[in-house]
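**Student:** I have a structure I would like to understand better, so I am pasting it below and will then ask my questions one at a time.
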Amino acid sequence: MPALLLPISLFAKTLSYTLPAIMQSLPFYIFVLLFCIKFMENRRSLLNIPINYKVSLWMSLILLAQLIVIIFSYATATDKKLTSGLTTGPLSIFIFFGNIILIYFLVYLVIDSDSSEKLFFKSLMVTFVIFFVVVLLPQIIATSSTILDPLVNFTGHLFESHHKGRQTFYFNGSYTTSLRRVNGFEPEASYLAALLGIVFIPPVLAALKNKFNLFKGKATQHMTFMWLILGVILITLFFAKTSTGFLVIGLVGLCLFIVVPRKSRGLLFGSYLVIVFGILFLYIAIPGIHTMLNQYVFAKKGTDNRLGGTIAAIKTFLHYPIFGVGLGYTNHFFIEFVPQATIHNWEYQHVYSKIGYPWLTVLGGSLASFGLFGILPLSVFLRNKVRDTIRLKRKLIMKTNERAVFLRTVIDSFYFYLLFFGILSIFIFSWQDEIYLLMLMVYLQVIRRAKTIDG
(Lines give C-alpha, C1' and ligand atoms only; values in the text may rest on other atoms or scores of the structure.)
Protein backbone atom coordinates (compact mmCIF):
# COMPACT_ATOMS: atom_id res chain seq x y z
CA MET A 1 0.00 0.00 0.00
CA PRO A 2 2.82 2.58 0.55
CA ALA A 3 3.64 2.30 -3.15
CA LEU A 4 0.09 3.31 -4.11
CA LEU A 5 -0.20 6.61 -2.24
CA LEU A 6 1.90 8.83 -4.51
CA PRO A 7 0.66 7.59 -7.91
CA ILE A 8 -2.96 7.81 -6.74
CA SER A 9 -2.49 11.43 -5.72
CA LEU A 10 -1.37 12.39 -9.24
CA PHE A 11 -4.84 11.80 -10.69
CA ALA A 12 -6.36 15.07 -9.50
CA LYS A 13 -8.67 15.73 -12.44
CA THR A 14 -11.73 17.73 -11.39
CA LEU A 15 -14.79 15.47 -11.41
CA SER A 16 -17.31 18.13 -10.38
CA TYR A 17 -17.06 21.87 -9.75
CA THR A 18 -20.14 21.85 -7.50
CA LEU A 19 -18.46 19.95 -4.66
CA PRO A 20 -16.04 21.40 -2.07
CA ALA A 21 -12.54 21.69 -3.57
CA ILE A 22 -11.01 18.66 -1.86
CA MET A 23 -13.92 16.43 -2.87
CA GLN A 24 -13.71 17.41 -6.54
CA SER A 25 -11.05 14.85 -7.49
CA LEU A 26 -10.57 11.10 -7.24
CA PRO A 27 -7.64 10.80 -4.74
CA PHE A 28 -9.80 11.93 -1.80
CA TYR A 29 -12.23 9.04 -2.28
CA ILE A 30 -9.50 6.45 -2.81
CA PHE A 31 -7.70 7.62 0.33
CA VAL A 32 -10.95 7.28 2.30
CA LEU A 33 -11.27 3.73 0.93
CA LEU A 34 -7.66 2.85 1.80
CA PHE A 35 -8.14 4.21 5.30
CA CYS A 36 -11.26 2.08 5.75
CA ILE A 37 -9.35 -1.00 4.54
CA LYS A 38 -6.52 -0.40 7.01
CA PHE A 39 -9.03 0.23 9.79
CA MET A 40 -10.92 -3.00 9.03
CA GLU A 41 -7.65 -4.95 9.07
CA ASN A 42 -7.02 -3.80 12.63
CA ARG A 43 -9.87 -1.93 14.32
CA ARG A 44 -7.75 -1.15 17.35
CA SER A 45 -5.10 0.53 15.20
CA LEU A 46 -6.68 3.98 15.68
CA LEU A 47 -6.00 3.75 19.40
CA ASN A 48 -2.26 3.67 18.69
CA ILE A 49 -2.20 6.84 16.59
CA PRO A 50 -0.47 9.61 18.58
CA ILE A 51 -2.58 12.73 19.10
CA ASN A 52 -0.94 16.08 19.78
CA TYR A 53 -3.56 17.77 21.91
CA LYS A 54 -2.05 21.23 21.49
CA VAL A 55 -2.31 20.86 17.70
CA SER A 56 -5.85 19.52 18.06
CA LEU A 57 -6.84 22.50 20.20
CA TRP A 58 -5.46 24.99 17.69
CA MET A 59 -7.18 23.23 14.78
CA SER A 60 -10.48 23.40 16.67
CA LEU A 61 -10.04 27.10 17.44
CA ILE A 62 -9.12 27.90 13.83
CA LEU A 63 -12.13 25.91 12.62
CA LEU A 64 -14.40 27.88 14.97
CA ALA A 65 -12.87 31.19 13.85
CA GLN A 66 -13.41 30.24 10.20
CA LEU A 67 -17.08 29.46 10.78
CA ILE A 68 -17.57 32.87 12.41
CA VAL A 69 -15.80 34.87 9.69
CA ILE A 70 -17.66 32.90 7.01
CA ILE A 71 -20.96 34.22 8.38
CA PHE A 72 -19.52 37.75 8.44
CA SER A 73 -18.13 37.52 4.90
CA TYR A 74 -21.35 36.11 3.49
CA ALA A 75 -23.38 38.83 5.17
CA THR A 76 -21.17 41.62 3.77
CA ALA A 77 -20.82 40.20 0.23
CA THR A 78 -22.84 42.18 -2.32
CA ASP A 79 -22.89 39.30 -4.80
CA LYS A 80 -23.65 36.09 -2.91
CA LYS A 81 -22.91 34.00 -6.02
CA LEU A 82 -19.23 34.88 -5.67
CA THR A 83 -19.11 33.20 -2.24
CA SER A 84 -19.27 29.54 -1.28
CA GLY A 85 -22.63 30.16 0.39
CA LEU A 86 -23.74 29.25 3.89
CA THR A 87 -24.00 25.55 3.10
CA THR A 88 -21.02 24.66 0.89
CA GLY A 89 -18.70 27.09 2.70
CA PRO A 90 -18.94 25.65 6.21
CA LEU A 91 -18.98 22.14 4.75
CA SER A 92 -15.75 22.92 2.88
CA ILE A 93 -14.06 24.03 6.09
CA PHE A 94 -15.02 20.82 7.90
CA ILE A 95 -13.81 18.76 4.94
CA PHE A 96 -10.59 20.80 4.74
CA PHE A 97 -9.66 19.97 8.34
CA GLY A 98 -11.12 16.48 8.09
CA ASN A 99 -8.88 15.79 5.11
CA ILE A 100 -5.82 16.80 7.13
CA ILE A 101 -6.82 14.29 9.80
CA LEU A 102 -7.56 11.63 7.15
CA ILE A 103 -4.13 11.91 5.51
CA TYR A 104 -2.40 12.00 8.89
CA PHE A 105 -4.17 8.82 10.02
CA LEU A 106 -3.68 7.06 6.68
CA VAL A 107 0.03 7.83 6.50
CA TYR A 108 0.50 6.69 10.09
CA LEU A 109 -1.22 3.37 9.37
CA VAL A 110 0.54 2.77 6.05
CA ILE A 111 4.06 4.12 6.70
CA ASP A 112 4.67 1.97 9.78
CA SER A 113 8.06 0.33 9.18
CA ASP A 114 11.52 0.99 7.77
CA SER A 115 10.69 -0.98 4.64
CA SER A 116 7.43 0.95 4.04
CA GLU A 117 9.31 4.24 4.28
CA LYS A 118 11.80 3.17 1.62
CA LEU A 119 9.02 1.70 -0.51
CA PHE A 120 7.17 5.02 -0.54
CA PHE A 121 10.19 6.97 -1.78
CA LYS A 122 11.02 4.25 -4.29
CA SER A 123 7.45 4.49 -5.61
CA LEU A 124 7.90 8.25 -5.89
CA MET A 125 10.86 7.76 -8.20
CA VAL A 126 9.22 4.97 -10.20
CA THR A 127 6.05 7.06 -10.53
CA PHE A 128 8.02 9.93 -12.01
CA VAL A 129 9.78 7.67 -14.52
CA ILE A 130 6.47 6.20 -15.70
CA PHE A 131 4.83 9.62 -15.67
CA PHE A 132 7.65 11.02 -17.77
CA VAL A 133 7.66 8.23 -20.35
CA VAL A 134 3.89 7.97 -20.75
CA VAL A 135 2.82 11.61 -20.29
CA LEU A 136 5.59 14.19 -20.16
CA LEU A 137 7.82 12.96 -22.99
CA PRO A 138 4.93 12.86 -25.52
CA GLN A 139 3.97 16.35 -24.37
CA ILE A 140 7.55 17.58 -24.85
CA ILE A 141 7.48 16.20 -28.40
CA ALA A 142 4.07 17.82 -28.93
CA THR A 143 5.48 21.27 -28.16
CA SER A 144 7.16 21.26 -31.58
CA SER A 145 5.40 18.48 -33.54
CA THR A 146 1.82 17.28 -34.06
CA ILE A 147 2.75 13.63 -34.57
CA LEU A 148 1.76 12.60 -31.03
CA ASP A 149 -1.23 14.93 -30.69
CA PRO A 150 -3.78 12.06 -30.67
CA LEU A 151 -1.98 10.37 -27.75
CA VAL A 152 -1.56 13.65 -25.86
CA ASN A 153 -5.22 14.57 -26.39
CA PHE A 154 -6.32 11.10 -25.27
CA THR A 155 -4.39 11.20 -21.97
CA GLY A 156 -5.39 14.82 -21.51
CA HIS A 157 -9.08 14.01 -21.96
CA LEU A 158 -8.87 11.21 -19.42
CA PHE A 159 -6.73 12.74 -16.70
CA GLU A 160 -6.10 16.46 -17.27
CA SER A 161 -7.51 18.91 -14.72
CA HIS A 162 -9.09 22.01 -16.26
CA HIS A 163 -9.68 25.54 -15.02
CA LYS A 164 -13.35 26.41 -14.84
CA GLY A 165 -14.27 28.96 -17.51
CA ARG A 166 -10.93 28.74 -19.35
CA GLN A 167 -11.74 26.49 -22.30
CA THR A 168 -9.40 28.54 -24.50
CA PHE A 169 -6.60 26.65 -22.73
CA TYR A 170 -7.91 23.32 -24.03
CA PHE A 171 -9.68 24.03 -27.34
CA ASN A 172 -7.56 21.52 -29.31
CA GLY A 173 -8.28 18.72 -26.85
CA SER A 174 -5.58 19.29 -24.25
CA TYR A 175 -3.54 22.14 -22.81
CA THR A 176 -0.35 20.94 -24.52
CA THR A 177 -1.79 20.66 -28.04
CA SER A 178 -3.59 23.98 -27.62
CA LEU A 179 -0.71 26.09 -26.28
CA ARG A 180 2.31 23.87 -27.08
CA ARG A 181 3.48 23.86 -23.47
CA VAL A 182 4.00 20.89 -21.15
CA ASN A 183 1.50 20.66 -18.29
CA GLY A 184 1.31 16.99 -17.24
CA PHE A 185 -2.14 16.44 -15.74
CA GLU A 186 -2.23 19.96 -14.28
CA PRO A 187 -4.59 22.73 -15.47
CA GLU A 188 -1.65 24.75 -16.78
CA ALA A 189 2.12 24.66 -17.15
CA SER A 190 3.00 26.70 -14.06
CA TYR A 191 1.10 24.23 -11.87
CA LEU A 192 3.22 21.38 -13.25
CA ALA A 193 6.38 23.39 -12.50
CA ALA A 194 5.27 23.74 -8.88
CA LEU A 195 4.42 20.03 -8.67
CA LEU A 196 7.85 19.02 -9.96
CA GLY A 197 9.59 21.55 -7.72
CA ILE A 198 7.79 20.68 -4.50
CA VAL A 199 7.18 16.93 -4.83
CA PHE A 200 9.80 15.36 -7.08
CA ILE A 201 12.88 17.57 -6.97
CA PRO A 202 13.49 17.62 -3.16
CA PRO A 203 14.00 13.81 -2.81
CA VAL A 204 16.33 13.81 -5.83
CA LEU A 205 18.45 16.67 -4.47
CA ALA A 206 18.58 15.04 -1.04
CA ALA A 207 19.53 11.68 -2.54
CA LEU A 208 22.38 13.26 -4.49
CA LYS A 209 23.58 15.13 -1.41
CA ASN A 210 23.67 11.99 0.75
CA LYS A 211 24.66 9.49 -1.96
CA PHE A 212 21.54 7.41 -1.40
CA ASN A 213 19.89 5.65 -4.33
CA LEU A 214 16.14 5.89 -3.74
CA PHE A 215 15.43 3.28 -6.43
CA LYS A 216 17.54 0.64 -4.73
CA GLY A 217 16.97 1.88 -1.20
CA LYS A 218 20.65 1.84 -0.29
CA ALA A 219 23.69 4.09 -0.03
CA THR A 220 25.99 4.10 -3.05
CA GLN A 221 28.61 6.23 -4.76
CA HIS A 222 27.06 5.58 -8.17
CA MET A 223 24.41 8.26 -8.59
CA THR A 224 24.29 8.48 -12.39
CA PHE A 225 20.63 7.54 -12.61
CA MET A 226 19.60 10.09 -9.97
CA TRP A 227 21.49 12.79 -11.88
CA LEU A 228 19.68 11.65 -15.02
CA ILE A 229 16.32 12.00 -13.27
CA LEU A 230 17.20 15.54 -12.19
CA GLY A 231 18.27 16.40 -15.74
CA VAL A 232 15.01 15.03 -17.16
CA ILE A 233 13.00 17.12 -14.70
CA LEU A 234 14.90 20.28 -15.67
CA ILE A 235 14.30 19.57 -19.38
CA THR A 236 10.60 19.15 -18.66
CA LEU A 237 10.55 22.46 -16.80
CA PHE A 238 12.17 24.16 -19.79
CA PHE A 239 9.50 22.89 -22.18
CA ALA A 240 6.76 23.93 -19.77
CA LYS A 241 7.65 27.44 -20.94
CA THR A 242 6.57 29.19 -17.78
CA SER A 243 8.27 31.72 -15.53
CA THR A 244 7.53 29.45 -12.56
CA GLY A 245 9.43 26.66 -14.30
CA PHE A 246 12.44 28.88 -14.97
CA LEU A 247 12.35 29.97 -11.32
CA VAL A 248 12.42 26.31 -10.23
CA ILE A 249 15.39 25.70 -12.54
CA GLY A 250 17.17 28.64 -10.92
CA LEU A 251 16.40 27.32 -7.42
CA VAL A 252 17.77 23.91 -8.35
CA GLY A 253 20.92 25.61 -9.61
CA LEU A 254 21.39 27.33 -6.26
CA CYS A 255 20.58 24.18 -4.29
CA LEU A 256 23.23 22.23 -6.16
CA PHE A 257 25.88 24.31 -4.36
CA ILE A 258 24.61 22.61 -1.20
CA VAL A 259 24.34 19.20 -2.84
CA VAL A 260 27.74 18.81 -4.47
CA PRO A 261 30.96 18.42 -2.43
CA ARG A 262 32.90 21.62 -1.70
CA LYS A 263 35.72 20.62 -4.01
CA SER A 264 33.26 20.45 -6.92
CA ARG A 265 31.62 23.84 -6.37
CA GLY A 266 34.19 25.72 -8.44
CA LEU A 267 33.54 23.38 -11.38
CA LEU A 268 29.79 23.83 -10.87
CA PHE A 269 30.15 27.62 -10.92
CA GLY A 270 32.23 27.40 -14.10
CA SER A 271 29.55 25.19 -15.67
CA TYR A 272 26.91 27.79 -14.82
CA LEU A 273 28.94 30.48 -16.54
CA VAL A 274 29.16 28.35 -19.68
CA ILE A 275 25.40 27.70 -19.54
CA VAL A 276 24.60 31.41 -19.09
CA PHE A 277 26.78 32.44 -22.03
CA GLY A 278 25.34 29.55 -24.06
CA ILE A 279 21.78 30.72 -23.37
CA LEU A 280 22.80 34.30 -24.21
CA PHE A 281 24.22 33.11 -27.54
CA LEU A 282 21.08 31.10 -28.32
CA TYR A 283 18.93 34.07 -27.33
CA ILE A 284 20.77 36.25 -29.84
CA ALA A 285 21.26 33.69 -32.61
CA ILE A 286 18.01 31.68 -32.69
CA PRO A 287 14.74 33.59 -33.19
CA GLY A 288 12.65 30.82 -31.61
CA ILE A 289 14.65 30.87 -28.38
CA HIS A 290 14.62 34.68 -28.42
CA THR A 291 10.83 34.74 -28.76
CA MET A 292 10.24 32.11 -26.09
CA LEU A 293 12.47 33.73 -23.45
CA ASN A 294 10.94 37.13 -24.15
CA GLN A 295 7.41 35.73 -23.99
CA TYR A 296 7.82 33.83 -20.74
CA VAL A 297 10.71 35.55 -18.91
CA PHE A 298 12.27 38.82 -20.05
CA ALA A 299 9.29 40.63 -21.61
CA LYS A 300 6.40 38.61 -20.28
CA LYS A 301 3.00 40.17 -20.95
CA GLY A 302 -0.39 39.60 -19.39
CA THR A 303 0.82 39.95 -15.79
CA ASP A 304 -1.84 42.49 -14.80
CA ASN A 305 -4.05 39.88 -13.14
CA ARG A 306 -1.22 38.30 -11.19
CA LEU A 307 -0.16 41.72 -9.94
CA GLY A 308 -3.74 42.77 -9.26
CA GLY A 309 -4.58 39.51 -7.49
CA THR A 310 -1.48 39.75 -5.31
CA ILE A 311 -2.27 43.34 -4.31
CA ALA A 312 -5.91 42.41 -3.66
CA ALA A 313 -4.84 39.50 -1.42
CA ILE A 314 -2.44 41.72 0.55
CA LYS A 315 -5.06 44.46 0.98
CA THR A 316 -7.66 41.90 2.09
CA PHE A 317 -5.21 40.57 4.67
CA LEU A 318 -4.34 44.08 5.88
CA HIS A 319 -8.04 44.87 6.34
CA TYR A 320 -8.71 41.57 8.16
CA PRO A 321 -5.30 40.57 9.57
CA ILE A 322 -6.34 38.52 12.61
CA PHE A 323 -8.92 35.98 11.38
CA GLY A 324 -9.04 36.61 7.61
CA VAL A 325 -12.28 36.46 5.63
CA GLY A 326 -12.75 32.70 5.47
CA LEU A 327 -11.66 29.99 3.04
CA GLY A 328 -13.79 30.25 -0.09
CA TYR A 329 -14.89 33.84 0.61
CA THR A 330 -12.04 35.89 -0.83
CA ASN A 331 -13.70 36.53 -4.23
CA HIS A 332 -15.83 39.43 -3.05
CA PHE A 333 -12.93 41.12 -1.25
CA PHE A 334 -10.42 40.56 -4.07
CA ILE A 335 -12.78 42.21 -6.55
CA GLU A 336 -13.31 45.07 -4.10
CA PHE A 337 -9.61 45.65 -3.47
CA VAL A 338 -8.07 44.86 -6.87
CA PRO A 339 -6.45 47.95 -8.45
CA GLN A 340 -8.63 49.25 -11.27
CA ALA A 341 -5.59 49.69 -13.51
CA THR A 342 -5.13 45.90 -13.62
CA ILE A 343 -8.67 44.85 -14.64
CA HIS A 344 -8.75 46.12 -18.23
CA ASN A 345 -8.01 42.76 -19.85
CA TRP A 346 -9.99 39.89 -21.37
CA GLU A 347 -9.26 37.42 -18.56
CA TYR A 348 -10.67 39.66 -15.85
CA GLN A 349 -13.65 40.92 -17.86
CA HIS A 350 -14.80 37.51 -19.14
CA VAL A 351 -13.66 35.11 -16.41
CA TYR A 352 -12.77 36.58 -13.02
CA SER A 353 -15.56 39.19 -12.88
CA LYS A 354 -18.12 36.46 -13.63
CA ILE A 355 -17.00 33.38 -11.67
CA GLY A 356 -14.79 35.01 -9.06
CA TYR A 357 -11.20 36.18 -8.61
CA PRO A 358 -9.06 33.09 -7.87
CA TRP A 359 -6.01 32.99 -5.66
CA LEU A 360 -3.06 34.03 -7.82
CA THR A 361 -0.72 33.65 -4.86
CA VAL A 362 -0.98 30.78 -2.38
CA LEU A 363 0.67 32.78 0.41
CA GLY A 364 -1.48 35.86 -0.14
CA GLY A 365 -4.66 33.81 -0.44
CA SER A 366 -3.86 31.86 2.72
CA LEU A 367 -3.23 35.04 4.73
CA ALA A 368 -6.41 36.62 3.38
CA SER A 369 -8.47 33.51 4.18
CA PHE A 370 -7.09 32.43 7.56
CA GLY A 371 -5.36 35.55 8.89
CA LEU A 372 -2.52 35.44 11.40
CA PHE A 373 -4.64 33.32 13.74
CA GLY A 374 -4.51 30.49 11.20
CA ILE A 375 -1.06 30.97 9.68
CA LEU A 376 1.14 31.70 12.72
CA PRO A 377 0.36 28.40 14.53
CA LEU A 378 1.28 26.50 11.36
CA SER A 379 4.54 28.46 11.11
CA VAL A 380 5.38 27.68 14.74
CA PHE A 381 4.53 24.01 14.22
CA LEU A 382 6.83 23.72 11.20
CA ARG A 383 9.59 25.67 12.99
CA ASN A 384 9.43 23.19 15.85
CA LYS A 385 9.61 20.27 13.43
CA VAL A 386 12.67 21.78 11.77
CA ARG A 387 14.29 22.14 15.21
CA ASP A 388 13.52 18.47 15.88
CA THR A 389 15.16 17.42 12.63
CA ILE A 390 18.25 19.51 13.35
CA ARG A 391 18.72 17.74 16.69
CA LEU A 392 18.01 14.38 15.09
CA LYS A 393 20.42 14.99 12.24
CA ARG A 394 23.24 15.81 14.66
CA LYS A 395 22.86 12.31 16.08
CA LEU A 396 22.59 10.71 12.64
CA ILE A 397 25.76 12.37 11.33
CA MET A 398 27.75 10.23 13.74
CA LYS A 399 26.28 7.07 12.21
CA THR A 400 27.23 5.52 8.87
CA ASN A 401 24.74 2.65 8.62
CA GLU A 402 22.22 2.54 5.79
CA ARG A 403 19.28 3.50 8.00
CA ALA A 404 21.05 6.66 9.14
CA VAL A 405 21.91 7.67 5.56
CA PHE A 406 18.29 7.15 4.51
CA LEU A 407 16.99 9.28 7.38
CA ARG A 408 19.46 12.06 6.59
CA THR A 409 18.20 11.92 3.01
CA VAL A 410 14.56 12.24 4.11
CA ILE A 411 15.39 15.12 6.45
CA ASP A 412 17.25 17.00 3.71
CA SER A 413 14.35 16.32 1.36
CA PHE A 414 12.02 17.81 3.98
CA TYR A 415 14.17 20.96 4.07
CA PHE A 416 14.09 21.24 0.27
CA TYR A 417 10.31 20.62 0.32
CA LEU A 418 9.78 23.52 2.72
CA LEU A 419 12.14 25.75 0.72
CA PHE A 420 10.45 25.12 -2.63
CA PHE A 421 6.95 25.26 -1.17
CA GLY A 422 7.70 28.51 0.64
CA ILE A 423 9.16 30.28 -2.38
CA LEU A 424 6.63 28.96 -4.89
CA SER A 425 3.74 29.89 -2.58
CA ILE A 426 4.30 33.45 -3.75
CA PHE A 427 2.66 32.18 -6.96
CA ILE A 428 -0.34 29.92 -7.51
CA PHE A 429 -0.61 26.16 -7.87
CA SER A 430 -3.14 23.48 -6.91
CA TRP A 431 -2.29 23.84 -3.24
CA GLN A 432 -5.29 21.83 -2.03
CA ASP A 433 -4.36 18.75 -4.08
CA GLU A 434 -3.77 15.70 -1.91
CA ILE A 435 -0.22 15.21 -3.15
CA TYR A 436 1.20 18.23 -1.29
CA LEU A 437 -0.39 17.31 2.04
CA LEU A 438 0.57 13.67 1.52
CA MET A 439 4.25 14.55 1.11
CA LEU A 440 4.21 16.72 4.24
CA MET A 441 2.60 13.97 6.31
CA VAL A 442 5.07 11.36 5.05
CA TYR A 443 8.01 13.57 6.03
CA LEU A 444 6.51 14.14 9.48
CA GLN A 445 5.81 10.42 9.94
CA VAL A 446 9.35 9.35 8.98
CA ILE A 447 10.78 12.01 11.31
CA ARG A 448 8.46 10.93 14.14
CA ARG A 449 9.48 7.29 13.74
CA ALA A 450 13.14 8.26 13.63
CA LYS A 451 12.81 10.21 16.89
CA THR A 452 11.05 7.38 18.72
CA ILE A 453 12.99 4.44 17.27
CA ASP A 454 16.35 5.72 16.05
CA GLY A 455 16.71 8.89 18.12
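The values are calculated or read from the model by the stated rules, or taken from the named source; none is laboratory data. Treat the numbers as computed from the prediction; the structure is a model and nothing was measured. Cβ sites come from the backbone with ideal geometry, for glycine too, and all protein chains shown count toward neighbours. Please note that ligands, DNA and RNA were not included when accessible areas were found on the heavy atoms of the full protein model with its side chains. Shrake-Rupley method; radii C 1.70, N 1.55, O 1.52, S 1.80 Å.
**Student:** Extending each Cα 7 Å along its Cβ direction at Leu382 and Lys399, get the distance between those two points in nm, one decimal.
**Tutor:** That separation, rounded to one decimal, is 2.7 nm.
**Student:** Hey, another quick one. Relative contact order of segment 270-398: what whole-number percent is it, with Cα pairs under 8 angstrom and at least 6 residues apart?
**Tutor:** On the way: 119 pairs, mean separation 35.3, N = 129.
Result for segment 270-398 is 27 percent.
**Student:** Separate question: Among all helices in the chain defined by DSSP H, which have a length of 27 Å or more along the axis from Cα atoms plus a Kyte-Doolittle mean of at least -0.5?
**Tutor:** Answer set is 53-76, 85-110, 265-285, 362-397, 402-424.
**Student:** Right, next: Ignoring ligands and nucleic acids, what accessible area does Tyr272 show with a 1.4 Å probe (Å², nearest 10)?
**Tutor:** 50
**Student:** Also, quick follow-up: Sum -39500 (n - 2.57) across every DSSP H segment of at least 4 residues in the chain, then divide by the residue count to get the 222 nm mean residue ellipticity, nearest 500.
**Tutor:** Calculated from helices alone, the mean residue ellipticity at 222 nm is -21000 deg cm²/dmol.
**Student:** Still on this structure: Testing the spin-label approximation: label points 7 Å from Cα along Cα→Cβ at Ile101 and Val129. State their distance in nm.
**Tutor:** If labels sit at Ile101 and Val129, their model points lie 4.0 nm apart.
**Student:** Taking amide H positions as placed 1.01 Å from N in the peptide plane, with prolines and chain starts having none, which residues 5 or more places from Ser25, or on another chain, fall under 5 Å of its amide H?
**Tutor:** Leu15
**Student:** Let me ask something else. With a 1.4 Å probe and all protein chains left in place, how much of the accessible area of the chain comes from carbon and sulfur atoms, in whole percent?
**Tutor:** C and S fraction of accessible area: 69 percent.
**Student:** At a 10 angstrom cut-off on C-beta neighbours, averaged per residue, how do the peptides 262-270, 376-384, 244-252 rank from highest to lowest? Numbers along the way, then the final one.
**Tutor:** Numbers: 262-270: 10.4, 376-384: 12.9, 244-252: 20.1.
The densest-packed peptide leads the list: 244-252, 376-384, 262-270.
**Student:** Placing +1 at every Lys and Arg Cβ and -1 at every Asp and Glu Cβ, with all other atoms neutral, what dipole size does the chain have around its Cα centre, in debye to the nearest 20?
**Tutor:** Result for the chain is approximately 1440 debye, rounded to the nearest 20.
**Student:** Any chance you could look up the accessible area of Glu160 with a 1.4 Å probe, heavy atoms only, rounded to 10 Å²?
**Tutor:** Approximately 0 Å² of Glu160 is accessible to the 1.4 Å probe.
**Student:** Within straight cross-link reach of Lys218, meaning Cα distance under 19 Å, which lysines are found once same-chain residues fewer than 8 apart are removed?
**Tutor:** Lys118, Lys122, Lys209, Lys393, Lys399
**Student:** Right, something else. Quick one: how many Å² of Ser84 are accessible to a 1.4 Å probe, rounded to 10?
**Tutor:** Solvent-accessible area, nearest 10 Å²: 40 Å².
**Student:** For the full complex of protein chains and a 1.4 angstrom probe, list Asp149, Asp112 by accessible area with the highest value first.
**Tutor:** Largest accessible area first, the residues go Asp112, Asp149.
**Student:** Under a 1.4 Å probe, what is the accessible area of the chain per residue, stated in Å²?
**Tutor:** Per-residue value: 46 Å².
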